[in-house]
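Sharing a structure below in C-alpha coordinates format, with a few things to ask.
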Amino acid sequence: MSHEPVIHTHELTKKYGDFVALDSLTISLEQGQILGFIGPNGAGKTTTIKILVGLSRPTSGQAFVAGRNCEKDVREIKRLIGYMPDVFGVYDNMRVREYLDFFGAAFKIPRALRAKRIDECLEITGSAYMSDRYVEALSHGMKQRVALARTLLHDPKVLILDEPANGLDPQARIEMREVLLRLSDMGKTLIVTSHILPELARVCDTVAIVTQGRLRMFGTLDQIMKQMRQRRLMEIVLVRQADVAKAAAMLRDRLYSNDEVKPSEASGEIVFSTGMEDGQIAEMLAGITAAGVAVLQFREVPLDLEDAFLEVTRTQLGGSGERPAATQTSPAPGVEHGAGTGSHKNGRHVTGGIRT
Ligand code: ATP
(Lines give C-alpha, C1' and ligand atoms only; values in the text may rest on other atoms or scores of the structure.)
Protein backbone atom coordinates (compact mmCIF):
# COMPACT_ATOMS: atom_id res chain seq x y z
CA MET A 1 0.00 0.00 0.00
CA SER A 2 1.08 3.56 -0.70
CA HIS A 3 2.63 5.68 2.08
CA GLU A 4 1.49 8.91 0.46
CA PRO A 5 -1.12 10.58 2.66
CA VAL A 6 -4.62 9.90 1.39
CA ILE A 7 -6.03 12.52 3.73
CA HIS A 8 -4.04 15.56 4.72
CA THR A 9 -5.16 18.68 6.53
CA HIS A 10 -2.86 21.60 7.15
CA GLU A 11 -3.67 24.23 9.79
CA LEU A 12 -7.35 23.74 8.98
CA THR A 13 -9.40 26.45 10.67
CA LYS A 14 -13.09 27.28 10.66
CA LYS A 15 -14.57 30.34 12.30
CA TYR A 16 -18.22 31.27 12.69
CA GLY A 17 -18.00 35.00 13.30
CA ASP A 18 -15.53 35.33 16.16
CA PHE A 19 -16.10 31.77 17.31
CA VAL A 20 -13.35 29.33 16.36
CA ALA A 21 -15.02 25.96 15.75
CA LEU A 22 -11.84 24.37 14.37
CA ASP A 23 -8.38 25.65 15.17
CA SER A 24 -5.34 24.78 13.02
CA LEU A 25 -6.02 21.06 12.58
CA THR A 26 -3.08 19.26 10.97
CA ILE A 27 -3.36 15.52 10.40
CA SER A 28 -2.32 12.98 7.77
CA LEU A 29 -3.66 9.50 7.08
CA GLU A 30 -2.28 6.86 4.75
CA GLN A 31 -4.10 4.28 2.67
CA GLY A 32 -5.79 1.60 4.78
CA GLN A 33 -5.57 3.52 8.04
CA ILE A 34 -8.64 3.68 10.27
CA LEU A 35 -8.83 6.87 12.29
CA GLY A 36 -10.97 7.03 15.41
CA PHE A 37 -12.02 10.68 15.48
CA ILE A 38 -13.23 11.47 18.95
CA GLY A 39 -14.15 14.46 21.04
CA PRO A 40 -16.96 15.68 23.26
CA ASN A 41 -20.08 17.31 21.77
CA GLY A 42 -19.20 20.53 19.99
CA ALA A 43 -15.50 19.65 19.68
CA GLY A 44 -15.32 20.27 15.94
CA LYS A 45 -15.64 16.78 14.44
CA THR A 46 -18.60 17.52 12.17
CA THR A 47 -16.98 20.82 11.18
CA THR A 48 -13.89 18.89 10.03
CA ILE A 49 -15.95 16.28 8.20
CA LYS A 50 -18.01 18.93 6.42
CA ILE A 51 -14.85 20.58 5.13
CA LEU A 52 -13.39 17.24 4.01
CA VAL A 53 -16.50 16.32 2.03
CA GLY A 54 -16.70 19.76 0.43
CA LEU A 55 -19.86 20.89 2.25
CA SER A 56 -18.13 23.72 4.11
CA ARG A 57 -15.25 26.04 3.30
CA PRO A 58 -12.41 26.49 5.76
CA THR A 59 -11.69 30.01 6.97
CA SER A 60 -7.99 29.23 6.52
CA GLY A 61 -5.76 26.22 6.00
CA GLN A 62 -6.24 23.42 3.51
CA ALA A 63 -7.60 19.91 3.33
CA PHE A 64 -6.68 17.35 0.68
CA VAL A 65 -8.03 13.92 -0.22
CA ALA A 66 -5.83 11.89 -2.58
CA GLY A 67 -4.08 15.14 -3.49
CA ARG A 68 -7.33 16.94 -4.36
CA ASN A 69 -8.19 20.17 -2.63
CA CYS A 70 -11.45 19.76 -0.68
CA GLU A 71 -12.37 23.41 -1.24
CA LYS A 72 -11.51 23.71 -4.92
CA ASP A 73 -12.01 20.23 -6.39
CA VAL A 74 -15.41 19.54 -4.88
CA ARG A 75 -16.66 17.37 -7.76
CA GLU A 76 -13.60 15.10 -7.54
CA ILE A 77 -13.82 15.04 -3.76
CA LYS A 78 -17.38 13.73 -3.90
CA ARG A 79 -16.13 10.86 -6.07
CA LEU A 80 -13.27 10.10 -3.70
CA ILE A 81 -15.23 10.11 -0.43
CA GLY A 82 -18.12 8.01 0.80
CA TYR A 83 -19.87 9.67 3.72
CA MET A 84 -22.25 7.79 5.98
CA PRO A 85 -24.16 10.16 8.27
CA ASP A 86 -25.65 8.93 11.54
CA VAL A 87 -29.23 9.25 10.23
CA PHE A 88 -30.66 6.95 7.58
CA GLY A 89 -33.57 9.04 6.31
CA VAL A 90 -37.06 7.88 5.41
CA TYR A 91 -37.60 5.76 2.29
CA ASP A 92 -41.11 4.31 2.00
CA ASN A 93 -42.07 1.52 -0.39
CA MET A 94 -38.52 0.90 -1.55
CA ARG A 95 -36.77 -2.41 -1.46
CA VAL A 96 -33.08 -2.50 -0.56
CA ARG A 97 -31.99 -3.19 -4.13
CA GLU A 98 -34.18 -0.35 -5.46
CA TYR A 99 -32.81 1.96 -2.82
CA LEU A 100 -29.22 1.15 -3.80
CA ASP A 101 -30.11 1.43 -7.49
CA PHE A 102 -31.55 4.89 -6.83
CA PHE A 103 -28.28 6.03 -5.22
CA GLY A 104 -26.20 4.22 -7.85
CA ALA A 105 -28.01 6.27 -10.49
CA ALA A 106 -27.42 9.44 -8.47
CA PHE A 107 -23.70 8.56 -8.45
CA LYS A 108 -23.99 8.17 -12.24
CA ILE A 109 -22.94 4.53 -12.22
CA PRO A 110 -23.94 3.27 -15.72
CA ARG A 111 -27.03 1.07 -15.65
CA ALA A 112 -25.11 -1.90 -17.14
CA LEU A 113 -22.62 -1.87 -14.24
CA ARG A 114 -25.00 -0.95 -11.46
CA ALA A 115 -26.52 -4.37 -10.68
CA LYS A 116 -23.07 -5.96 -10.37
CA ARG A 117 -21.80 -3.14 -8.17
CA ILE A 118 -24.86 -3.35 -5.94
CA ASP A 119 -24.27 -7.10 -5.53
CA GLU A 120 -20.63 -6.44 -4.58
CA CYS A 121 -21.57 -3.82 -2.00
CA LEU A 122 -24.31 -6.04 -0.53
CA GLU A 123 -21.77 -8.84 -0.27
CA ILE A 124 -19.02 -6.71 1.35
CA THR A 125 -21.45 -5.44 3.99
CA GLY A 126 -23.08 -8.84 4.59
CA SER A 127 -26.48 -7.54 3.54
CA ALA A 128 -27.16 -9.63 0.41
CA TYR A 129 -29.98 -11.48 2.20
CA MET A 130 -31.83 -8.18 2.67
CA SER A 131 -31.89 -7.17 -0.99
CA ASP A 132 -35.62 -7.86 -1.51
CA ARG A 133 -36.78 -6.48 1.82
CA TYR A 134 -38.47 -3.12 2.22
CA VAL A 135 -36.07 -0.53 3.63
CA GLU A 136 -38.57 0.80 6.17
CA ALA A 137 -39.00 -2.72 7.58
CA LEU A 138 -35.29 -3.19 8.37
CA SER A 139 -33.95 -3.14 11.91
CA HIS A 140 -31.53 -0.38 12.88
CA GLY A 141 -28.52 -2.70 12.52
CA MET A 142 -29.68 -3.83 9.08
CA LYS A 143 -30.16 -0.21 8.01
CA GLN A 144 -26.61 0.59 9.14
CA ARG A 145 -25.27 -2.10 6.80
CA VAL A 146 -27.39 -0.96 3.90
CA ALA A 147 -26.27 2.62 4.52
CA LEU A 148 -22.68 1.40 4.41
CA ALA A 149 -23.40 -0.47 1.16
CA ARG A 150 -24.78 2.78 -0.27
CA THR A 151 -21.63 4.63 0.85
CA LEU A 152 -19.49 2.10 -1.04
CA LEU A 153 -21.39 2.15 -4.33
CA HIS A 154 -19.09 4.56 -6.16
CA ASP A 155 -15.99 2.75 -4.82
CA PRO A 156 -14.59 5.72 -2.86
CA LYS A 157 -11.00 5.74 -1.59
CA VAL A 158 -12.04 7.31 1.70
CA LEU A 159 -14.96 6.45 3.96
CA ILE A 160 -16.20 8.82 6.62
CA LEU A 161 -18.57 7.09 8.98
CA ASP A 162 -20.49 8.95 11.63
CA GLU A 163 -21.30 6.73 14.61
CA PRO A 164 -21.57 3.46 12.61
CA ALA A 165 -21.89 1.36 15.77
CA ASN A 166 -24.51 3.55 17.40
CA GLY A 167 -27.57 1.60 18.55
CA LEU A 168 -26.21 -1.78 17.42
CA ASP A 169 -26.49 -4.87 19.60
CA PRO A 170 -23.22 -6.62 20.56
CA GLN A 171 -23.40 -9.14 17.72
CA ALA A 172 -24.16 -6.42 15.15
CA ARG A 173 -21.25 -4.37 16.51
CA ILE A 174 -18.86 -7.26 16.03
CA GLU A 175 -20.12 -7.68 12.47
CA MET A 176 -19.81 -3.95 11.75
CA ARG A 177 -16.25 -4.07 13.13
CA GLU A 178 -15.40 -6.95 10.80
CA VAL A 179 -16.81 -5.06 7.82
CA LEU A 180 -14.74 -1.97 8.66
CA LEU A 181 -11.56 -4.04 9.01
CA ARG A 182 -12.33 -5.72 5.68
CA LEU A 183 -12.70 -2.30 4.04
CA SER A 184 -9.33 -1.25 5.45
CA ASP A 185 -7.79 -4.47 4.07
CA MET A 186 -9.27 -3.53 0.69
CA GLY A 187 -7.21 -0.32 0.87
CA LYS A 188 -9.91 2.13 1.95
CA THR A 189 -8.94 4.84 4.38
CA LEU A 190 -11.54 5.34 7.09
CA ILE A 191 -12.47 8.11 9.48
CA VAL A 192 -14.85 6.82 12.13
CA THR A 193 -16.50 8.94 14.78
CA SER A 194 -17.95 7.24 17.80
CA HIS A 195 -18.77 7.85 21.42
CA ILE A 196 -18.42 4.12 22.11
CA LEU A 197 -14.71 4.21 22.83
CA PRO A 198 -14.00 0.56 23.74
CA GLU A 199 -15.61 -0.40 20.42
CA LEU A 200 -13.65 2.23 18.53
CA ALA A 201 -10.38 1.09 20.14
CA ARG A 202 -10.97 -2.38 18.69
CA VAL A 203 -11.28 -1.16 15.14
CA CYS A 204 -9.10 1.91 14.70
CA ASP A 205 -5.30 1.94 14.40
CA THR A 206 -4.98 5.71 14.78
CA VAL A 207 -6.74 8.12 17.11
CA ALA A 208 -7.35 11.85 17.03
CA ILE A 209 -8.84 13.49 20.10
CA VAL A 210 -10.23 16.98 19.62
CA THR A 211 -11.68 19.30 22.20
CA GLN A 212 -12.79 22.90 21.73
CA GLY A 213 -11.74 22.87 18.11
CA ARG A 214 -8.16 21.76 18.80
CA LEU A 215 -6.33 18.53 18.27
CA ARG A 216 -5.07 17.35 21.67
CA MET A 217 -3.76 13.89 20.77
CA PHE A 218 -2.94 12.22 17.50
CA GLY A 219 -1.17 8.95 16.96
CA THR A 220 -1.46 5.22 16.97
CA LEU A 221 -3.21 3.63 19.93
CA ASP A 222 0.23 2.42 21.09
CA GLN A 223 1.68 5.92 20.97
CA ILE A 224 -1.25 7.33 22.88
CA MET A 225 -1.15 4.64 25.55
CA LYS A 226 2.62 5.12 25.90
CA GLN A 227 2.06 8.81 26.47
CA MET A 228 -0.62 7.99 29.02
CA ARG A 229 1.66 5.51 30.78
CA GLN A 230 4.08 8.32 31.63
CA ARG A 231 1.75 8.60 34.59
CA ARG A 232 0.81 5.14 35.72
CA LEU A 233 -2.14 4.24 37.85
CA MET A 234 -1.32 1.71 40.61
CA GLU A 235 -3.64 -0.08 42.98
CA ILE A 236 -2.76 -1.68 46.33
CA VAL A 237 -5.19 -3.91 48.19
CA LEU A 238 -4.29 -4.44 51.87
CA VAL A 239 -5.10 -7.42 54.06
CA ARG A 240 -6.13 -5.13 56.97
CA GLN A 241 -8.28 -2.04 56.41
CA ALA A 242 -6.75 -0.59 59.58
CA ASP A 243 -3.41 -0.26 57.74
CA VAL A 244 -4.76 2.01 54.98
CA ALA A 245 -3.92 5.34 56.65
CA LYS A 246 -0.41 4.21 57.60
CA ALA A 247 0.35 2.86 54.10
CA ALA A 248 -1.10 5.99 52.42
CA ALA A 249 1.13 8.19 54.59
CA MET A 250 4.19 6.12 53.66
CA LEU A 251 3.30 6.42 49.97
CA ARG A 252 2.89 10.19 50.21
CA ASP A 253 6.34 10.40 51.84
CA ARG A 254 7.97 8.43 49.05
CA LEU A 255 6.09 9.55 45.93
CA TYR A 256 6.81 12.71 43.93
CA SER A 257 5.07 15.82 45.20
CA ASN A 258 2.64 15.96 42.26
CA ASP A 259 1.75 12.25 42.50
CA GLU A 260 -1.70 11.60 43.85
CA VAL A 261 -2.75 9.10 46.53
CA LYS A 262 -6.37 8.10 47.05
CA PRO A 263 -6.92 5.82 50.06
CA SER A 264 -10.21 4.03 50.72
CA GLU A 265 -10.50 2.57 54.21
CA ALA A 266 -13.87 1.04 53.39
CA SER A 267 -12.43 -1.20 50.68
CA GLY A 268 -8.92 -1.51 52.15
CA GLU A 269 -7.47 -0.13 48.90
CA ILE A 270 -5.13 2.65 47.90
CA VAL A 271 -4.93 3.95 44.35
CA PHE A 272 -2.12 6.25 43.29
CA SER A 273 -0.90 7.79 40.05
CA THR A 274 2.79 8.33 39.60
CA GLY A 275 5.51 9.10 37.09
CA MET A 276 7.98 6.78 38.91
CA GLU A 277 9.94 3.99 37.23
CA ASP A 278 9.46 0.26 37.88
CA GLY A 279 12.45 0.02 40.25
CA GLN A 280 11.32 2.95 42.38
CA ILE A 281 7.81 1.53 42.66
CA ALA A 282 9.16 -1.90 43.66
CA GLU A 283 11.34 -0.28 46.36
CA MET A 284 8.36 1.61 47.70
CA LEU A 285 6.35 -1.59 47.93
CA ALA A 286 9.22 -3.32 49.73
CA GLY A 287 9.34 -0.40 52.21
CA ILE A 288 5.63 -0.72 52.96
CA THR A 289 5.72 -4.46 53.54
CA ALA A 290 8.91 -4.13 55.65
CA ALA A 291 6.97 -1.73 57.90
CA GLY A 292 4.50 -4.55 58.65
CA VAL A 293 1.71 -3.62 56.22
CA ALA A 294 0.35 -6.85 54.70
CA VAL A 295 -0.26 -6.37 50.98
CA LEU A 296 -2.80 -8.70 49.35
CA GLN A 297 -2.59 -7.32 45.82
CA PHE A 298 -0.45 -4.79 43.99
CA ARG A 299 -1.05 -4.01 40.34
CA GLU A 300 -0.90 -1.43 37.60
CA VAL A 301 -4.37 -0.48 36.42
CA PRO A 302 -4.33 -0.82 32.62
CA LEU A 303 -5.28 2.34 30.77
CA ASP A 304 -7.48 2.41 27.72
CA LEU A 305 -8.76 4.83 25.11
CA GLU A 306 -11.51 5.94 27.45
CA ASP A 307 -8.88 6.93 30.03
CA ALA A 308 -6.98 8.89 27.39
CA PHE A 309 -10.16 10.64 26.35
CA LEU A 310 -11.14 11.45 29.93
CA GLU A 311 -7.65 12.71 30.73
CA VAL A 312 -7.72 15.08 27.77
CA THR A 313 -11.25 16.34 28.37
CA ARG A 314 -10.57 16.62 32.12
CA THR A 315 -7.58 18.83 31.40
CA GLN A 316 -9.71 21.07 29.24
CA LEU A 317 -12.49 21.24 31.83
CA GLY A 318 -9.96 22.12 34.49
CA GLY A 319 -8.54 25.07 32.54
CA SER A 320 -9.39 28.69 32.91
CA GLY A 321 -12.05 28.48 30.25
CA GLU A 322 -9.68 29.93 27.67
CA ARG A 323 -8.31 27.63 25.04
CA PRO A 324 -4.86 26.42 26.04
CA ALA A 325 -2.14 26.09 23.42
CA ALA A 326 -2.27 22.89 21.38
CA THR A 327 0.34 20.43 22.57
CA GLN A 328 0.28 17.97 19.72
CA THR A 329 2.39 17.55 16.68
CA SER A 330 2.01 14.51 14.47
CA PRO A 331 2.85 11.74 14.92
CA ALA A 332 3.86 11.90 18.59
CA PRO A 333 0.88 12.47 20.81
CA GLY A 334 0.98 15.15 23.49
CA VAL A 335 -1.29 15.51 26.46
CA GLU A 336 -1.58 18.43 28.76
CA HIS A 337 -1.67 17.61 32.44
CA GLY A 338 -3.18 19.91 34.98
CA ALA A 339 -5.53 20.18 37.88
CA GLY A 340 -8.98 19.16 36.82
CA THR A 341 -12.52 19.29 38.01
CA GLY A 342 -13.05 15.64 37.18
CA SER A 343 -15.37 13.71 34.94
CA HIS A 344 -17.26 10.43 35.03
CA LYS A 345 -16.45 6.99 33.73
CA ASN A 346 -18.69 3.99 34.34
CA GLY A 347 -20.32 5.89 37.16
CA ARG A 348 -17.01 6.39 38.97
CA HIS A 349 -15.50 9.79 39.46
CA VAL A 350 -12.15 10.45 37.81
CA THR A 351 -9.75 13.06 39.12
CA GLY A 352 -6.13 13.34 38.14
CA GLY A 353 -6.36 9.94 36.49
CA ILE A 354 -7.63 8.35 39.72
CA ARG A 355 -11.10 6.85 39.74
CA THR A 356 -12.85 7.04 43.04
P1 ATP B 1 -21.13 16.47 18.24
O2 ATP B 1 -20.36 15.32 18.87
O3 ATP B 1 -22.12 17.05 19.20
O4 ATP B 1 -21.71 16.15 16.90
P5 ATP B 1 -18.98 18.00 16.96
O6 ATP B 1 -17.64 17.67 17.49
O7 ATP B 1 -19.39 17.39 15.67
O8 ATP B 1 -20.08 17.71 18.06
P9 ATP B 1 -19.33 20.53 15.57
O10 ATP B 1 -20.69 20.26 15.02
O11 ATP B 1 -18.19 20.45 14.65
O12 ATP B 1 -19.06 19.60 16.84
O13 ATP B 1 -19.38 21.97 16.22
C14 ATP B 1 -18.23 22.63 16.73
C15 ATP B 1 -18.64 23.98 17.27
O16 ATP B 1 -19.01 24.83 16.19
C17 ATP B 1 -19.85 23.91 18.20
O18 ATP B 1 -19.63 24.82 19.26
C19 ATP B 1 -20.99 24.36 17.33
O20 ATP B 1 -21.99 25.02 18.09
C21 ATP B 1 -20.30 25.36 16.39
N22 ATP B 1 -20.98 25.44 15.09
C23 ATP B 1 -21.15 24.42 14.21
N24 ATP B 1 -21.81 24.86 13.11
C25 ATP B 1 -22.06 26.17 13.30
C26 ATP B 1 -22.71 27.20 12.54
N27 ATP B 1 -23.21 26.94 11.34
N28 ATP B 1 -22.77 28.42 13.07
C29 ATP B 1 -22.24 28.71 14.28
N30 ATP B 1 -21.60 27.79 15.06
C31 ATP B 1 -21.52 26.55 14.58
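Comparing Met84, Met217, Met186, which has the greatest mean-square fluctuation in the GNM of the chain with Cα pairs linked when under 10 Å apart?
Met186
With a point put 7 Å past each Cα toward its Cβ, work out how far Phe102 is from Asp253 in nm, to one decimal.
According to this spin-label approximation, the distance is 7.5 nm.
Counting only helical runs of four or more DSSP H residues, what would the 222 nm mean residue ellipticity of the chain come to if each run contributes -39,500 (n - 2.57) and the total is spread over all its residues?
Using -39500 (n - 2.57) per qualifying helix, the result is -10500 deg cm²/dmol.
What Kirkwood Rh does the stretch 64-114 have if only Cα atoms enter the pairwise 1/r average? Answer in Å.
Over the stretch 64-114, the inverse of the mean reciprocal pair distance is 13.0 Å.
So who's got an amide H within less than 5 Å of the one on Glu71, skipping anything under 5 residues away but keeping other chains? H placed 1.01 Å off N, in plane.
Ala63
Given Cβ point charges of +1 (Lys, Arg) and -1 (Asp, Glu) and nothing else, what value in debye, to the nearest 20, does the dipole of the chain about its Cα centre take?
920 debye
On the Cα set of the stretch 150-227, report Rg and Dmax in Å, please.
Calculated on Cα positions, Rg and Dmax stand at 13.2, 39 Å.
Just the ratio, please: alpha-carbon radius of gyration of the stretch 87-205 over 2.2 N^0.38 Å, N its number of residues.
Cα-based Rg divided by the globular estimate yields 1.02.
Now a separate question. Going down the table (Lys45/Lys262; Lys50/Lys188; Lys72/Lys116; Lys78/Lys143; Lys14/Lys143; Lys108/Lys157), which pairs top 27 Å between alpha carbons?
Listed pairs above 27 Å: Lys45/Lys262; Lys72/Lys116; Lys14/Lys143.
Using each residue's phi in the stretch 262-267, evaluate 6.51 cos²θ - 1.76 cosθ + 1.60 at θ = phi - 60° and report the 3J(HN,Hα) Karplus result to the nearest Hz, with x for Gly and Pro.
With coefficients 6.51, -1.76 and 1.60, one gets 10, x, 10, 5, 4, 9 Hz.
Ignoring any ligand, DNA or RNA, what whole percent of the accessible area of the chain comes from carbon and sulfur when the probe is 1.4 angstrom?
About 51 percent, which is the carbon plus sulfur part of the accessible surface.
Continuing with this model, one more query. Could you grab the relative contact order for the chain? Cα pairs under 8 Å, six or more apart, rounded to a whole percent.
Once divided by the residue count of the chain, the mean separation gives 17 percent.
Give me the 1.4 Å probe accessible area per residue for the chain, excluding ligands and nucleic acids, in Å².
Here the per-residue accessible area is 48 Å².
So, one more: In terms of modelled amide H atoms, which long-range or inter-chain residues lie less than 5 Å from the amide H of Thr211?
Under 5 Å from the amide H of Thr211 lie the amide H atoms of Arg216, each far enough along the sequence or on another chain.
Tell me, what HN-Hα J-couplings in whole Hz come from the Karplus equation 6.51 cos²θ - 1.76 cosθ + 1.60 at θ = phi - 60° for each residue of the stretch 62-79, using x for Gly and Pro?
Each residue's phi maps through the Karplus curve to give 9, 10, 10, 10, 6, x, 8, 7, 5, 8, 9, 9, 4, 4, 5, 4, 5, 6 Hz.
Specify the angular offset, from 0 to 90 degrees and rounded to the nearest 10, of the alpha carbon long axis of helix 305-317 from the longest principal axis of the alpha carbons in the chain.
Relative to the chain, helix 305-317 is tipped by roughly 80 degrees.
For the chain, divide the Cα radius of gyration by the Kirkwood radius and give the resulting Rg/Rh value with two decimals.
Dividing the radius of gyration by the Kirkwood radius yields 1.07.
Can you pull the one-decimal nm distance between simple spin-label points at Arg75 and Ser264, each 7 Å off the Cα toward Cβ?
6.2 nm
What do you get for the angle between helix 244-254 and the principal long axis of the chain? Use alpha-carbon atoms, 0 to 90 degrees, nearest ten.
80 degrees
The values are calculated or read from the model by the stated rules, or taken from the named source; none is laboratory data. All values reported here derive from a predicted model rather than from experimental measurement. We place every Cβ from the backbone using ideal geometry, glycine too, and count neighbours over all the protein chains shown. These accessible areas exclude ligands, DNA and RNA; they are computed on the full protein's heavy atoms, side chains included. Shrake-Rupley method; radii C 1.70, N 1.55, O 1.52, S 1.80 Å.
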